[in-house]
Amino acid sequence: MEGRADRREFLKRLAVVAGSSALIAELPWWSPLRAEPVTEAASDRVRLGLVGTGTRGNLHISHLLRTPGVEIAALCDDYEPHLQASLARVKGAKGFSDFRQMLDMPGLDGVLIATPLYQHARMCLDAFSAGKHVFCEKSLAYTIEECQAIADTYRDTKRVFQIGHQRLFSPTFLRALELVRNGAIGQITQIRAYWHRNNNWRNPISDPSLDRRLNWRLYRDYSCGLMTELASHHMQVANWFLGAHPVSCVGYGSINYWKDGRDVYDNVNVVYRYADGTHVVYDSLTSNKFYGMEVQVMGPKGLIEAEAGRLYAEAPPPAPGIVQLINSIEHGFFDTVPIGGPSWVPDLKRDTKGVALVQEKSMDDGTGISLAAFANAIRLGEPVPGMMEQACRSGVSVLMGQTAMEQQREIAWPEGFRI
Amino acid sequence: MNTRFSMVLVGVNTERAGALAQAAERELRACEQLMSRFDVESQVFDLNRRFAEEPVEPSAELWRILALCGDYWRRTGGAFDITLWPLNRLWRGQLSRGEEPTEAALQQALDRTGFHHLHFDETARTVRVERRGMSLDLGGFGKGYALERLADGLRVAGVERAFLSFGESSVTVLGSHPHGPAWPVGVSNIFPPHEPVHTFLLQDASLSTSGTAPYNAAGGPRFLGQIIHPRSGRPIKGYRTLSVASPSGIEAEVLSTALLITPEQDRADILSGFAVVSAVEIVYDSDAGRFAPKIAWKFGL
């Protein structure tokens, strides 16, 4: 298991990368990572409280325990067994069953919200009004009105806000974006994303009365199911890569397999339309996992599978030696053509492996880096530009999709939505 | 031929170059029609399908090619052999599953290889094989053959300087580099940083490189480049390449493969029967996981 020292070393290296890559310099949410490395000094310590100690909350705890300069000062959950289990993991943390009481705790810099979707907005707004910095899990909120309220409140707070879309911090996704910007696939003409599983998506429960509470993702009163809990990630990526939000969408959803009392769709199909004529085709199901999950960014010159981190070029690349040879002839050089080797063999569709986007897959999917960035931003006392836009675009997109399916009509981007 | 072809023409205007490129494409497609073992329309495909059942009469051109392959098979002491496909297929399949073939499977594949199992009826102009499961593979030979045909066509068209490359393993040049006395062609390190290990100066000549490589273009393990020893039936070990420069594209192709699997002490014998050639063998020794190229053998340099 990697420790805090390793993570410190990793973040130091990342700061160098963040400082040197032209692309990363364009991504403002990476800027806190370029800050001076934190020390063990008390003045460098950021004190955080986390609400929601379920699966996601516990993953955050694991990352935070390794993030330099971070103290998990408080944990909050209204489900006692989860709270006790997480308190056992974090030495010295104070436990709360009421979020507002946690906000009143003196010396707390920021909060992480990893609760069911329907609670996000209330907690974000309360945290902002208590002057706290906020890290909110995706999806942003349960309704479009709530998304707007969070964006409006944030605008005046001067607080740090971050959304739990870890792909914004994934080196693989950054490389994918860099390749797209450099024209590796040409113009983006379609993004196809899917998230396929083959299980009932339930947490085991000891008592049936806990079902709605612990399996909140399956109930429409608390969540929009597949759209908010899974699709929001890929809609964030799509909006990010396209640099826009969808103008409208249509879709169908149903419960065709898991007829077990849930009232969110167990399969969804949504098509989003963007102003420039690009479409994002999204589907998610829970009754077949063969294709797993992927976001495919397509263009006339190639396809990027960003989750797998691979690029599939449509045409074979020109032989590097030949390019060099032409260059030498045109510029009057007499250079060796570095060419002879065992024969170049093309990728065949049936067993093509594509080209890896990054040499080594990062130690995490961006979640750990994003938490370090959050802590650094708090330390610097500077809001992270662009983050609320990312959160709102994806948050609203998935709610549009949900509405389109429920009302069986085309749903437009909410007019007048202001980020 | 399952690779890419590049052609650089010097001193030819764009319009003419376009026409020559189209002519080259037609020529290459004709070669595929003749020699591809994958194209169901090709002559070799038809031969492979029928020649264990009945004597097959190939076209005059294919007859000449097969006779030439027989000639090279004899002149290389059996090291150049166009009948190794069953072994190649066996190893490719097994290694992609991460396994070695069983002795029985290896023996079966070996039984289905060997140019001496091909019978030519000079009177009827027919070919047959005595064993089922045999299959000809003119992949390597085909590149050299196509390059010679293309080079001839360009000469006839009046092109004086040109650089032709098949997947970077087979190169034919016309004349010299416009800014020097020859075309300097470097044999690259198969490991990063891929710098040239040895540079051949080619003038109206061909260069062919055979060898094993750690990766294919996509970065995956490479099985297509396995070089199988015709007698043991096993892939040669380690990472090595052998490059041969020759006035003949076909002979460069034949010799690069044949010499690679021939022990060093027997190579001079083979070479004594060929026109002026030069050759370089590069062997990659592993030191703590890093592979460094070393020129292990040279000829005519």
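Here are some notes:
- For region A:319-339, residues that are more than 7 Å from every other protein chain (Cβ to nearest Cβ) and either open to solvent by 80 Å² or more (accessible area, probe 1.4 Å) or touching a residue at least 60 places away in the same chain (Cβ under 8 Å) (or both) total 4.
- Residue selected from region B:217-257 under the condition modelled with pLDDT of 95 or more and away from chain A (no Cβ under 11 Å), by the criterion farthest from B:E103 (Cα to Cα): B:P247
- Only one of the listed residues (A:G368, A:G332) is over 30 Å from B:V12 (Cβ atoms), at pLDDT 75 or above and out of contact with any Gly (no Cβ under 9 Å at 6 or more places or on another chain). That residue is A:G368.
- Failed criterion for B:S169 (all others in (1) within 14 Å of chain A (Cβ to nearest Cβ); (2) closer than 11 Å to B:A205 by Cβ hold): (2)
- Residue list for region B:190-209, restricted to those being within 7 Å of chain A (Cβ to nearest Cβ) and in a strand (DSSP E or B): B:P196, B:T199, B:L207, B:T209
- Scanning region A:42-69 for residues that are farther than 22 Å from A:L210 by Cβ and open to solvent by 10 Å² or more (accessible area, probe 1.4 Å) yields A:A42, A:S43, A:D44, A:R45, A:R47, A:S62, A:H63, A:L65, A:R66.
- Under the condition of being within 24 Å of A:F169 (Cβ to Cβ) and outside any loop (DSSP other than H, G, I, E, B), the residues counted in region A:299-308 number 3.
Listed here are the residues, each with its yes/no results for (1) part of a helix (DSSP H, G or I); (2) within 16 Å of the chain's Cα centre (by Cα); (3) within 26 Å of B:G211 (Cβ to Cβ).
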site: B:L62; (1), (2), (3): yes, no, no
site: B:I65; (1), (2), (3): yes, yes, yes
site: B:G78; (1), (2), (3): no, yes, yes
site: B:N88; (1), (2), (3): yes, yes, yes
site: B:P101; (1), (2), (3): no, no, yes
site: B:L106; (1), (2), (3): yes, no, yes
site: B:T113; (1), (2), (3): no, no, yes
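- Considering the conditions (1) surrounded by 15 or more Cβ atoms within 10 Å (Cβ to Cβ); (2) more than 21 Å from the chain's Cα centre (by Cα); (3) closer than 21 Å to A:G302 by Cα, A:G183 is excluded by exactly one of them, (1).
- Just one of the numbered conditions (1) open to solvent by less than 50 Å² (accessible area, probe 1.4 Å); (2) in a helix (DSSP H, G or I) is not true of B:G133: (2).
The values are calculated or read from the model by the stated rules, or taken from the named source; none is laboratory data. These figures come from a predicted structure and were not determined experimentally. As a convention, Cβ positions derive from the backbone with ideal geometry for all residues, glycine included, and neighbour counts pool all protein chains shown. The protein model used for the area step is the full one, side chains on, heavy atoms only, and it has no ligands, DNA or RNA in it. Shrake-Rupley method; radii C 1.70, N 1.55, O 1.52, S 1.80 Å.
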